[in-house]
Amino acid sequence: MIFKKNKWNSILILFIVFNFNPIFGQEEKIVLHEFITNWNLLGPLPLGKIDNELSHNPGFENDFLLHHGGEGNPKVKVGKTVKVGSNKLKWIEYTSPNSIISLDNAISKRSNVAAYAYKEISIEKEGTYIFALGTNDGGRLWINGNQVWDHKEARGCKPDNDLIPVYFKKGINKILLKIEEKGNNWEFCARILPFDIDTFTKRGKLFSVKTSSRGISELRFSLHESVIDKLFKTAKLEIYTSDKDPVLVWSDQWTKDKIMNLDIEDQTFNSYTLKIIAKRQDGKEWIHELRFQSGLKINYTLYDKQKTNYQIVVGKDASESEQWAASELKKYLKEISGAEFNIVSDDSMTFVNEIIIGFNKHSQKLLGDGFVEPELMDESFFYKNIQSNLVLLGGKQRGTMYAVFSFLENEFGMRWYTPNVTTLPKREQFNFNRINHYEKPTLRVRNDFYYEAFDPVWAAHNKINGAMGFREQHGDIEGYWAVHTFYRFMPPTEFFDSHPEYYSLIEGKRIHERAQLCLTNPDVLEIITDRLKVVMRENPSNLIYSVSQNDWRNPCQCDNCQAIVSKEGAESGIIVWFVNQVAERVKEEFPDKYVGTLAYQYTRKPPKNIKPKENVVIRFCSIECCFAHDFESCPENQEFLIDLETWSSFTPHLYIWDYVVNFSHYIMPYPNFMVLQPNIKTFIDNNSIGIMEQAAYQSRGGEFAELRSYLISKLLWNSEVNVDDVIDDFLVGFYGRSGQYIRKYLDLLHEQIRPDTHIYLGLNASDKLFTNSFIEEATEIFNKAEIIAENDEIKERVELARLPLMYLKCKRDPVNSKYDGTFERFKSIVLREGITHFAEVGEPHIRAFMKQVDQAE
Ligand SMILES: [Zn+2]
Ligand SMILES: [Zn+2]
């Protein structure tokens, strides 16, 4: 480090130095801990200019004391002349007014010079001490003629920067320091401390691993070897691979040499962790871990200048998704590199340059007999190189496919932002020497319920594996068949006339309009079970089949039903009681499937005693919550949180139905970005097997639907992902230069949230959250975002993002919006983008909105 120096201060001290009376033959008793301020100095010794910051100046190695005993045994006397080239220098005595010895003041302000500092000290008790040193810049230290320390790089002077263990004999000990000056400040400070094991084991960098260019690693003890026995009795060394499941590959006792060979396999470049388990001299244990890379570092070239020597290998028995992923890889690598990667089967001869997709003969051979093929449904995966070969592998159903897409995302910067917008950075050359990556999902079923996320190719690329019902998608999906199914199984048109007793008894009368079923009626159980079995046989590809309440209230009030409800203390009691029986009856025929039911609105409160069966999934819904603040922090959400935690405590499988949009106004600003991650984490912490994020599902045009569907896909796969990074990456990739303004707008929108501004599913334009000054400021931001857009395509994306703000203005100020052009522009963008839903209700809402603005006076 090079600091700017204070010129005036330096001149003043220099004056004092010239008036100093030299004293001869000094030695002094050292007080431990006190800085040594009195030294004999010789300089400036000329050096060459530094070649680089990491080495000594040229000439530093010269022994300028060669004719005066040499650096190994210097004969020092204040006033004595030493010839350096044609110059004559004199040893001077210098006492610093403070702990730092300023060589700028004492000797010279020149750069590219060195100086000697010499001190004789008297020690009463022989033994090991700590020489605590700080220097600006590099230097070297001799104690009684033995070199014990060397530092090459430029740096600032920091007291106790180096803690050097030194041995002092009884009586006089000679200290010689050589300090070099690379530029600006030139100074040092030194003191002697008692030797103490903690000082080293707590702050010293005691060990390092160095790997030679031939790939051979050695463990180095950083301090002087004389100190090894002072610190440690013994130490055990263990080396583990830095894989997802670390494997012990080497273990031995430390030889206690300054340098020890680590005799691990050196043909493959790899990352390791060295664990040092040492016994200190005072009997305490000291454990230290060091990460290092070892093995021969060979550069492999995947492609260069539109040519490749690699081929893609797919197993003959590869799954559909593995084959598709291989063709996707071939297609995208061609676009990125311009090179043609041929696909061959694993019946082909093994070849040195292969990208092997999934578990097959070729990957099996490389991974060895110890490697166990992942389970079919295992979605975790890895991709790594084994020498020149690349293996991309996970479970056959989707794991391998995900390995391919993550490989393209992480190694090549590919992104599938929306079904139509993909980024594919071109790259002339791709070299690697070590690739090793592992991922696993935080959730089993990931259902991103945005219209934009229903595109099956986009969904597969972004690892979305859940859907409502069946969807044709590479790798298949974990479908959830239907919801609100009571009347689907038992339509009132079919049964009510002949059997009104199957339906809710309300105020003494059986009714079917906006009602439920009488679940204690044994016929209801028979009919639903039979019909559910038919559904399961006809739609075998779903994971969960819904037997659930209609989307309104009015549960049955008959004595039988209410007896169960009052025993369980909640309406959910009779639902679980009923669904458990259905699940029990389908279990034998469908052992891998689940029967799902809702914990929603009037059934959200958990029952007191009954527990859902092993093959029952409770679909817990967050419809009543505040989404300005996360579940944990908002007082409005505490009751919900208690219900969630209670269900989670006794439910074998919880599946969440969560809400991420404003249902009444899909197309209005909804500042809930901040709660997405914490809420997903809360669900995962409560053992959810799946999450459905219900959003604007009927049409494009939901507020930031592209960004939100993308972000949600990343969060459902990995709830720990850095949300700001994902958002920023998307904003730049999707909006280009305009992205910086979209970020400003998002920040401004979320700044409107205060502790008392709770927002729910039906947030209104008149809510106190929104102000006219927010609309004005946001309008300015969008104006800038549009001006800066690179091209018309991006400008149109910005306009689409602007719709919610325009909608908000139209709702709050229809008269001005009509006359200043906001409304007209809003309508034309809606038309251009083909948006059919501003809210869940669809067409009637659009008509009412248009009328409201049109007729405003
Ligand atoms: Zn009943
Ligand atoms: Zn709140």
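General observations
- Tilt relative to the chain, helix 723-735 - C-alpha long axis, 0 to 90 degrees, to 10: 80 degrees
- Estimated FRET transfer efficiency when R0 is 56 angstrom, pair S208-E507 (beta carbons, to 0.05): 0.10
- The label-point distance for I642 and T836, in a model that sets each label 7 Å from Cα toward Cβ, rounds to 4.4 nm.
- Rounded to the nearest 10 degrees, the angle from helix 572-586 to the longest Cα principal axis of the chain is 90 degrees.
- 19 Å Cα-Cα threshold exceeded, pairs from K158/K258; K316/K365; K307/K331; K233/K256; K169/K256; K305/K330: K158/K258; K169/K256
- The range 231-307: proportion of alpha-carbon pairs further apart than 14 angstrom, %: 68 percent
- Cα centroid separation, the range 257-290 to the range 370-393 (Å): 29 Å
- Interchain or long-range residues, amide H under 5 Å from I753's placed H: none
- Shown for the chain is the translational diffusion coefficient from the Stokes-Einstein equation, using the Kirkwood radius over Cα pairs, a temperature of 10 °C and a viscosity of 1.306 mPa s: 47 µm²/s.
- For the range 625-666: span of alpha carbons on each principal axis (Å, largest first): 36, 22, 11
- P(r) tail fraction, the range 410-509 - alpha-carbon pairs more than 18 Å apart, %: 67 percent
- Once the mean of 1/r is taken over each pair of separate Cα atoms and inverted, the range 758-823 shows a Kirkwood hydrodynamic radius of 12.9 Å.
- Distance between modelled label sites at E793 and Y438, nm, 7 Å Cα→Cβ extension: 4.0 nm
- Descending Cα extents along the principal axes, the range 716-844, whole Å: 43, 40, 30
- Residues of the range 40-73 with amide N under 13 Å of a point placed 7 Å along Cα→Cβ from S108: 42-49
- For the range 568-707, the spread of Cα positions along each principal axis, largest first, Å: 47, 33, 24
- Length gained when the stretch S348-K587 is fully extended (0.36 nm per residue, less Cα-Cα span): 81.6 nm
- The peptide list 213-224, 442-453, 563-574, put in order of mean Cβ contacts within 10 Å with the highest first, becomes 442-453, 563-574, 213-224.
- The packing ranking of peptides 69-82, 698-711, highest mean first, is 698-711, 69-82, where packing means the average number of other beta carbon atoms within 10 angstrom of each residue.
- 1.4 Å probe accessible area per residue over the chain, in Å²: 44 Å²
- Proximity of backbone amide H atoms, modeled 1.01 Å from N, is registered between N112 and E181, K182, G183 at under 5 Å, excluding neighbours fewer than 5 places apart on the same chain.
- Placing one equal scatterer on every Cα of the range 25-89 and applying the Debye formula, the log10 ratio I(q)/I(0) at q = 0.28 Å⁻¹ is -1.23.
- According to the Kirkwood relation over distinct C-alpha pairs, the hydrodynamic radius of the range 277-427 is 17.1 Å.
- When you restrict to C-alpha pairs under 8 Å that are six or more residues apart and normalise by the size of the chain, the relative contact order lands at 7 percent.
- Averaging Cα coordinates gives a centre for the range 481-525 and one for the range 690-725; these two points are 37 Å apart.
- Amide H contacts of Y300 (H built 1.01 Å from N, under 5 Å, at least 5 apart or other chain): F432, N433
- For the range 589-647, convex hull volume per residue from C-alpha positions, Å³: 98 Å³
- With the convex hull constructed from alpha-carbon coordinates only, the range 493-582 shows a mean projected area of 6.4 nm² over all directions.
- Separation of the K80 and R553 label points, Cα + 7 Å toward Cβ, nm: 10.3 nm
- Legend: residue pairs K744/K811; K83/K178; K297/K384; K125/K178, Cα-Cα distance threshold 21 Å; pairs beyond threshold, K744/K811; K125/K178.
- Value of [θ]222 nm, deg cm²/dmol, for the chain, DSSP H segments ≥ 4, -39500 (n - 2.57) each, nearest 500: -9000 deg cm²/dmol
- When the Cα gyration tensor is reduced to axis lengths a ≥ b ≥ c, the ratio a/c is 1.5 or higher for the range 163-315, and with a/b not above b/c it is classed as oblate.
- Rotationally averaged projected area of the range 102-190 (alpha carbon convex hull; nm²): 5.3 nm²
- Under 22 Å from the Cα of K681 - lysines, other chains or at least 8 residues apart: K440, K463, K605, K714
- Per atom type, the chain shows carbon and sulfur on 49% of its accessible surface, probed at 1.4 Å.
- Values of log10 I(q)/I(0) for the range 715-770 across q = 0.22, 0.25, 0.30 Å⁻¹ run -0.94, -0.96, -1.05, by the Debye formula with one identical scatterer at each alpha carbon and no solvent.
- Each semi-axis of the equivalent ellipsoid for the range 50-178 is √(5λ) with λ an eigenvalue of the Cα gyration tensor; in descending order they amount to 23, 19, 15 Å.
The values are calculated or read from the model by the stated rules, or taken from the named source; none is laboratory data. Here the structure is a predicted model, which means the values were calculated and not measured. When we count neighbours, we look across all protein chains shown, and the Cβ atoms used for this are built from the backbone with ideal geometry, even at glycine. Side chains included, ligands, DNA and RNA excluded: accessible areas come from the protein's heavy atoms. Shrake-Rupley method; radii C 1.70, N 1.55, O 1.52, S 1.80 Å.
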